[in-house]
Amino acid sequence: MIVATLKEIDEIRKMIDRYDSVLVVGCDSCVAECAAGGSRETMLLTAALKLSYLKDHKNPTITEAVLDRQCVDDFIDQIADQAPEHDAILSLGCGAGVQALARVYRDKPIIPALNTLFIGETVSRGVWQENCLGCGNCKLGYFGAVCPVTRCSKKLMNGPCGGSKGGRCEVNPEIACGWDMIIRRLDALGELDRLTEYVPPCDWSTSHSGGPRKVIREDQQP
Amino acid sequence: MEGKPVKIVVYHCKNLRLFKDGEQKVFNRKWPGLSLVSIPCSGKVEAHHLLKTLAGGAQGVLILACAESACQYLEGSARSRKRVDYAGQWLQKVGISPERLDFVRVPPMDRVALENLLREFTSKIQSLEVIPAIAKA
Ligand code: SF4
Ligand code: SF4
C-alpha cells in the first residue's frame, strides 16, 4: 500500500485560506489503512479546520466527502455533484489521488493534505514499514522475500557491507540491517545457496530513474 | 449552578451503569447545558468524534471510562486514553486548550464521584475563553 502522513494544519491553512469554500476529500483505500486519509482522518481534519477557522472568527464552507478510491475515475465520480459547488478541493489521497482529481476537475485547484511517503506494509498496529521502491525488476526471489533495494541503506545486491553490527545498520542503528534479515531468512528456509549466485547491480532504467513509467494493457482497454 | 450553562458533552461507557432507566432525564434537568452520551465502550470514542463535538459548539468534552482492568473489551479504556491525548495534540495545533478534553476513569455506579467531577470540569471550562461561535457572514 501507499503510506502517507497528514501535513501540519498550518501548512494546509496557508494553502486553502484564500478560498471561501473547500471540499475535503478522503480516500478509503491505502491511506485509510495507514490512518492518514480515510474517513476517520477526513472527519478529524475537517473538524480541526473548522475549529481553527472558528478561533480566527472566520467561517468558510468546509464540506467533507470520502471516495472509495481516489485514483480511479469511476470512484472520483462520487463527488461529481459536490465538486462544482466548492472553490477548491483539499485531498487526503496520496500524490496519485491528488493528480487524478486534478485531471478530472480541470478548473478546480486541488490541494494535498498529505505527505506521500512510500510503498510499505502494516507490520503491527500503528507501525508502517517501507519495503518496496518499485524498482521495476523484482528480485525478491533471490533474497528470501526481503528487499535489498529498500531494506539495505546502500541498496547492495551482494551484501552485507562491513558495517552490519548486531543486526543493525551502520547508517543508523534504528534501522534493521536488510542483509542480516536476508541471510537469517534464507538460512531458516534452507536456501542460503541462493546467495552463491551473483546478482548484478540494479538496472535503474526500469525504475523511476528511467522517467515516469506507464503500464498499457490493450486487453483492459475499452 | 451560576450564570449561563456551559455546553459540555460527556461520553460515558455504558458499563459504568451510571443511570438506571429514566434517571438520566432527571439528572439532565439538574445539569442544564450538559449532554450525556452513553457509548458501548469508551474505546469507541475516536479523536474525530471529540474534535467534531467541539466544532459543533461544545465548550468541553469529558470521557468517562472504566478502570483499565475492568474494561469489558479488554483494551477499550487504554485505547480511549491514547485517543483523547491524540485529539488534545490536534487542539494544541489549532491553538485551542487541550484542557477542553478530559479523560477520567471512574468507579461504576458512583454518581457522587460523577457530580464532583462535573463540578470541577465545568468550572475549569468556564475559566477558559469561549470558543467563538460561527461568525455571521
Ligand atoms: S526488488 Fe524492486 S520491486 Fe522487488 S520489492 Fe524491491 S524495490 Fe520492490
Ligand atoms: S549495515 Fe546492512 S542495511 Fe546497512 S548498509 Fe550495510 S548491509 Fe545495508
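Among the residues making up the stretch A:188-222, a single one is within 16 Å of ligand 2 (Cβ to nearest atom) and either in a helix (DSSP H, G or I) or charged (D, E, K, R) (or both): A:Leu195. Being open to solvent by 90 Å² or more (accessible area, probe 1.4 Å) and out of contact with any Leu (no Cβ under 7 Å at 6 or more places or on another chain) is a property that A:Ile175 lacks. Among the numbered conditions (1) part of a loop (DSSP other than H, G, I, E, B); (2) open to solvent by 70 Å² or more (accessible area, probe 1.4 Å); (3) within 20 Å of A:Thr46 (Cα to Cα), the only one that B:Pro132 does not meet is (2). With respect to the stated conditions, B:Val104 is in a strand (DSSP E or B), more than 13 Å from chain A (Cβ to nearest Cβ) and open to solvent by less than 80 Å² (accessible area, probe 1.4 Å).
Of the listed requirements (1) farther than 30 Å from B:Leu91 by Cβ; (2) away from ligand 2 (no atom under 16 Å from the Cβ), A:Glu85 misses just one: (1). Among the residues making up the stretch A:95-134, a single one is within 16 Å of ligand 2 (Cβ to nearest atom) and either under 17 Å from A:Val22 (Cα atoms) or assigned to a loop (DSSP other than H, G, I, E, B) (or both): A:Leu133. Quick one: would you say A:Arg194 is more than 16 Å from ligand 1 (Cβ to nearest atom) and away from every other protein chain (no Cβ under 14 Å)? No: the conditions fail for A:Arg194. For B:Ser69, indicate whether it is open to solvent by less than 90 Å² (accessible area, probe 1.4 Å), among the hydroxyl-bearing types (Ser, Thr, Tyr) and free of Cβ contacts under 8 Å to residues at least 12 places away in the same chain. In short, no.
Please work out if B:Ala58 is of a type in the set (Gly, Ala, Ser) and either within 10 Å of chain A (Cβ to nearest Cβ) or open to solvent by 30 Å² or more (accessible area, probe 1.4 Å) (or both). Taking the combined requirement at face value, the residue does not satisfy it.
Taking the conditions exactly as written (in contact with a Gly (Cβ under 7 Å, 6 or more places away or on another chain), modelled with pLDDT of 95 or more and of a type outside the set (A, V, I, L, M)), does A:Glu170 satisfy them or not?
So A:Glu170 fits the description; yes.
Among the residues in the stretch B:42-50, are any away from chain A (no Cβ under 14 Å), open to solvent by less than 50 Å² (accessible area, probe 1.4 Å) and within 30 Å of A:Pro60 (Cβ to Cβ)? No - not one qualifying residue is present in the stretch B:42-50. Residues that are modelled with pLDDT under 95, within 14 Å of chain A (Cβ to nearest Cβ) and open to solvent by less than 80 Å² (accessible area, probe 1.4 Å) within the stretch B:76-93 comprise just one, B:Ala78.
Of all the criteria given as (1) surrounded by fewer than 15 Cβ atoms within 10 Å (Cβ to Cβ); (2) within 15 Å of ligand 1 (Cβ to nearest atom); (3) in a helix (DSSP H, G or I), the one not satisfied by A:Val149 is (1). Do we have any residue at all in the stretch A:128-145 that's without any contact (Cβ under 8 Å) to a residue 24 or more places away in the chain and away from ligand 1 (no atom under 15 Å from the Cβ)? No, the stretch A:128-145 has no match at all.
Just to check your reading of the model, which residue among A:Gly97, A:Gly120 is modelled with pLDDT of 95 or more, open to solvent by less than 20 Å² (accessible area, probe 1.4 Å) and within 16 Å of ligand 1 (Cβ to nearest atom)? Walk me through it before giving the result.
Details: A:Gly97 fails: within 16 Å of ligand 1 (Cβ to nearest atom).
When all the criteria are applied, what remains is A:Gly120.
When B:Ala67 is tested against (1) within 14 Å of chain A (Cβ to nearest Cβ); (2) more than 20 Å from B:Ser127 (Cβ to Cβ), exactly one condition is not met: (1).
The values are calculated or read from the model by the stated rules, or taken from the named source; none is laboratory data. All values derive from a computational prediction rather than experimental measurement. Don't worry about glycine lacking a Cβ; one is built from the backbone with ideal geometry, like all the others, and counts go over all protein chains shown. Side chains included, ligands, DNA and RNA excluded: accessible areas come from the protein's heavy atoms. Shrake-Rupley method; radii C 1.70, N 1.55, O 1.52, S 1.80 Å.
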